[in-house]
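*Asks:* Take this structure first; my questions come after.
Values in this text are rule-based calculations from the coordinates and carry no lab data. Every value quoted in this text rests on a predicted model; they were computed, and no experiment measured them. Cβ placement follows ideal geometry from the backbone for every residue including glycine, while neighbour counts extend to all protein chains displayed.
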Amino acid sequence: MPMCGGLGGVKPATPEVQKICDQFKVEVEQKSGMNFGTFEAIEYKTQLVAGTNYFIKTHVGGDQYIHLRIYKKLPCYQEEMSLTAFQVGKTREEPIVHFEPSH
């Protein structure tokens, strides 16, 4: 089990992670000014904080990938989620690393 605040190990994407990813496709397209025919979660890491940060490597077509940072609040807050940051121009080989929210 990862320590609170530490980024856990990389795991293959699950159907649950794909559902999380799907919820933010339109928002990422709007904020990036790009359109994605494909939006497939490949792998992810989590960070336990006052909730959970999901860092998700997402295939967006061809050899293009993006990394998403999605925050899921604790269950006492109805597990509400929000897109806190994303990075475009990633590759399949690039590791998922911690990155700060966009401001």
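*Asks:* Considering only N53, Q64, P95, whose Cα is most displaced toward the positive end of the charge dipole of the range 11-95, charges sitting on Cβ of Lys, Arg (+1) and Asp, Glu (-1)?
*Replies:* Farthest towards the positive end: N53.
*Asks:* For M34 and L7 in one chain, what is 0.36 nm times their gap in residues minus the Cα-Cα distance, to one decimal in nm?
*Replies:* So the extension gain works out to 6.9 nm.
*Asks:* Semi-axes of the chain's equivalent ellipsoid from the Cα gyration tensor, sqrt of 5 times each eigenvalue, largest first, rounded to whole Å?
*Replies:* 21, 15, 12
*Asks:* Shifting gears a bit: Can you pull out the GluC sites (Glu not before Pro) in the range 10-93 that DSSP calls coil and that have at most 11 other Cβ atoms within 10 Å?
*Replies:* E79, E80, E93
*Asks:* Something else about it: Comparing A13, A85, A50, which has the greatest mean-square fluctuation in the GNM of the chain with Cα pairs linked when under 10 Å apart?
*Replies:* Of A13, A85, A50, the most mobile in the Gaussian network model is A50.
*Asks:* By its C-alpha gyration tensor, with a ≥ b ≥ c as the square roots of the eigenvalues, how is the range 35-79 shaped: rounded for a/c under 1.5, else prolate for a/b larger than b/c, else oblate?
*Replies:* Prolate shape, in that a/c is at least 1.5 and a/b is the bigger ratio.
*Asks:* How big is the range 8-68 by Rg and Dmax over its Cα atoms, in Å?
*Replies:* Final numbers for Rg and Dmax: 11.6, 36 Å.
*Asks:* Turning to a different aspect of this structure: In the range 24-103, which chymotrypsin sites (Phe, Trp or Tyr not before Pro) fall in coil by DSSP and have 11 or fewer other Cβ atoms within 10 Å?
*Replies:* none
*Asks:* Once the piece of chain linking L48 and E80 is laid out straight, how much longer is it, given 0.36 nm per residue of separation minus the C-alpha distance between them?
*Replies:* 10.0 nm
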